[in-house]
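Below: one structure, written as structure tokens.
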Amino acid sequence: MTTVRSDNARANDARANDVRADKDRVIIFDTTLRDGEQSPGATMTHDEKLEVAELLDDMGVDVIEAGFPIASEGDFAAVHEIATRAKNSVICGLARAGQKDIDRCGEAIKPARRGRIHTFISTSPVHMKWKLQMEPAKVYEMVIAQVTRARNYTDDVEWSSEDGTRTEMDFLCRCVEAAIKAGATTINIPDTVGYSVPEEYFELFRTVRERVPNSDKARFSVHCHDDLGMAVANSLAGVRAGARQIECTINGIGERAGNTALEEVVMAMRVRNDKLPFWNGVDATMLTRASKLVSAATSFPVQYNKAIVGRNAFAHESGIHQDGMLKNAQTYEIMTPESVGVKQTSLVMGKHSGRHAFIHKLEDLGYKLAGNQLEDAFTRFKALADRKKHVYDEDIEALVDEEIATAQDRMKLVSLTVIAGTHGPQRATMKLAVDGAVMIEECEGNGPVDATFNCIKAMIPHEATLELYQVHAVTEGTDAQAEVSVRLSENGKAVTARGADPDTLVASAKAYLGALNKLMVKRQRGKPEAMVAP
């Protein structure tokens with residue numbers, strides 16, 4: 001699957017950008033594939049990473065932080081392959097201050113047309129004392145050593161002061177000056193723990209840029225976490241103070257409460273350019289598609305009221321609001337749905353729709369399937385259309401996203417029959433295909449969902465703990481598809497998966513199996529010791 005950005009869109013962007021001052025350009029650094037994937041349960045497969053990277057590259061993201069190469073063979077392979085395939089973006093890998101990290105990162109980005117090494121070390125008193133167990137003098141020496149070593153592989157080196165917002169100003173300025181002198185071309189001062197507030201973050205960047213004598217030799221970058229809900233506000237405050245790179249993720253996913261949301265900073269600069277007179281090269285009409293793709297790949301649902309890309313972002317239920325919208329959309333909408341890639345039409349497909357219409361609809365929604373994937377999706381669409389009175393765009397998206405997410409699964413649901421009612425226990429009979437071999441099991445449970453999951457456990461013994469079971473309807477109506485999210489954890493590893501079907505129990509089984517399939521992939525991954533990042 002791929003999304004193709006039109007030549008006209010690129011040409012229009014180029015003409016518009018010609019008249020804008022280069023000093024006001026903000027570099028968009030996307031870390032969905034690195035910091036975003038560090039969200040508990042947000043593991044992506046190799047193919048999913050390549051697909052997300054392709055879309056980011058095409059939509060105009062300046063820098064793609066493709067992963068942490070030393071983390072595992074899988075991470076290294078993904079960064080290396082993305083570096084090989086990228087056409088437009090700078091491909092970046094993350095590395096700690098150690099020589100092995102930097103060497104591995106340099107090897108991973110080697111095929112890129114433009115590659116970057118992003119290396120970091122903690123600089124706050126609490127991190128130096130408890131995490132690094134180093135004195136400031138030693139940390140200062142390592143700043144110089146790590147940047148110097150990274151410059152052996154590329155002239156595009158970014159240095160980050162992890163926990164920068166809790167670092168003593170004098171020491172921060174010394175480290176920044178040393179990093180630039182050693183060859184760093186981008187300086188990132190992250191709010192690693194989401195502790196800062198906008199006025200404070202603004203002042204930090206203003207002070208560092210004024211006090212560091214060689215600050216004009218590097219671009220400054222913001223990287224904010226959302227622990228207090230201020231990641232976007234802090235990022236924009238940093239830009240107002242002179243930073244010209246924002247590190248962000250699609251849907252704001254990331255460690256703990258997440259990162260700055262790419263779609264929010266992009267649209268904030270466009271909608272409020274009077275107060276934020278900056279620009280970037282991202283094609284905003286691809287934001288919704290990017291949101292849906294990342295949500296499907298990670299199995300992390302986007303909250304309905306999420307800014308820009310949430311389902312309700314352009315929905316109006318209040319009578320007063322609806323009346324205003326009918327008279328003039330600007331009464332309650334500060335941007336058009338089309339400007340972020342939201343289609344106005346939704347109810348156009350049904351059981352009489354043919355393959356050509358289905359392919360056209362997929363293209364409208366930003367999908368391009370081929371071969372068996374297209375045939376399987378069309379077959380499932382026709383089956384869904386026979387069961388539902390109306391098939392909405394959201395139904396098709398859920399169907400195709402599930403098709404993509406489960407294409408390589410080793411365990412697949414063949415059939416499920418459940419007997420339920422007021423008198424228990426409930427009973428489920430399930431047939432699975434595991435590596436091509438068919439298995440059948442019948443189990444009881446305390447409710448139909450419990451019986452269904454017991455069947456899976458009987459056929460695929462495991463010790464994983466069910467941490468989340470969540471159901472919501474994809475569209476309105478009693479015949480709406482149910483979308484189920486399941487999160488499983490095992491030995492500290494968490495994975496999340498989703499399943500969709502008009503039958504809630506079938507959707508539940510698909511989601512549980514999807515999580516088990518992901519857990520199998522994650523079991524094969526290795527981890528370096530004490531791996532942390534900005």
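The values are calculated or read from the model by the stated rules, or taken from the named source; none is laboratory data. Keep in mind that this is a model prediction, so the values were computed, not measured. Glycine gets a Cβ as well: all are built from the backbone with ideal geometry, and neighbour counts include every protein chain shown.
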Residue that is surrounded by the fewest Cβ atoms within 10 Å (Cβ to Cβ) [pool: residues in the range 438-467 that are closer than 26 Å to residue 493 by Cβ and β-branched (Val, Ile, Thr)]: 465
Check on residue 98, under 13 Å from residue 150 (Cα atoms), modelled with pLDDT under 95, assigned by TED's automatic domain parsing to the domain that holds residue 36 and of a type outside the set (S, T, N, Q): yes
Among the candidates 363, 375, residue that is of a type in the set (Asp, Glu) and under 25 Å from residue 504 (Cα atoms): 375
Unique match (being within 23 Å of residue 293 (Cα to Cα) and part of a loop (DSSP other than H, G, I, E, B)) among 409, 395: 409
Test set (1) surrounded by fewer than 17 Cβ atoms within 10 Å (Cβ to Cβ); (2) on the phi > 0 side of the Ramachandran plot - residue 376 fails condition number: (2)
Options 177, 158; residue that is out of contact with any helix residue (DSSP H, G or I) (no Cβ under 6 Å at 6 or more places or on another chain) and free of Cβ contacts under 8 Å to residues at least 40 places away in the same chain: 177
Within the range 259-286, tally of residues that are within 29 Å of residue 488 (Cα to Cα) and of a type in the set (A, V, I, L, M): 2
Test: residue in the range 71-85 that is assigned by TED's automatic domain parsing to the domain that holds residue 153, assigned to a strand (DSSP E or B), of a type in the set (A, V, I, L, M) and touching a residue at least 24 places away in the same chain (Cβ under 8 Å): no
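Listed here are the residues, each with its yes/no results for (1) of a type in the set (Val, Ile, Thr); (2) modelled with pLDDT of 90 or more; (3) in contact with a helix residue (DSSP H, G or I) (Cβ under 6 Å, 6 or more places away or on another chain).
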{"position": "286", "(1), (2), (3)": "no, yes, yes"}
{"position": "296", "(1), (2), (3)": "no, no, yes"}
{"position": "300", "(1), (2), (3)": "no, no, no"}
{"position": "304", "(1), (2), (3)": "no, no, no"}
{"position": "307", "(1), (2), (3)": "no, yes, yes"}
{"position": "318", "(1), (2), (3)": "no, no, no"}
{"position": "322", "(1), (2), (3)": "no, no, no"}
{"position": "329", "(1), (2), (3)": "no, no, no"}
Tabulated pairs, the range 256-279, first more than 27 Å from residue 39 (Cα to Cα) and in the same structural domain as residue 30 (by TED's automatic domain parsing), second surrounded by fewer than 19 Cβ atoms within 10 Å (Cβ to Cβ) and modelled with pLDDT under 95, C-beta under 8 angstrom, 6+ apart or interchain: 270/335; 270/339; 271/334; 271/335; 279/17; 279/20
Filtered residues of the range 276-316 (kept if touching a Lys or Arg at 6+ places or on another chain (Cβ under 6 Å) and not aromatic (Phe, Trp, Tyr)): 283, 299
Single unsatisfied condition, residue 303 versus (1) more than 19 Å from the chain's Cα centre (by Cα); (2) free of Cβ contacts under 8 Å to residues at least 40 places away in the same chain: (1)
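Residues of the range 154-169 being part of a loop (DSSP other than H, G, I, E, B) and under 29 Å from the mean Cα position of the chain (by Cα), which ones? Full working, then the answer.
In the first step, residues of the range 154-169 are kept if they are part of a loop (DSSP other than H, G, I, E, B); the result is 154-156, 163, 167-168.
Within the range 154-169, 154, 155, 156, 163, 167 meet the criteria.
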Unmet criterion (only one of (1) among the β-branched types (Val, Ile, Thr); (2) closer than 25 Å to residue 259 by Cα; (3) in a helix (DSSP H, G or I)) for residue 121: (3)
Subset tally (residues that are within 22 Å of residue 142 (Cα to Cα), touching a helix residue (DSSP H, G or I) at 6+ places or on another chain (Cβ under 7 Å) and of a type in the set (D, E, K, R)) for the range 86-129: 3
Single residue of the range 2-35 satisfying the filter (at pLDDT below 90 and under 17 Å from the mean Cα position of the chain (by Cα)) that is nearest to residue 283 (Cα to Cα): 3
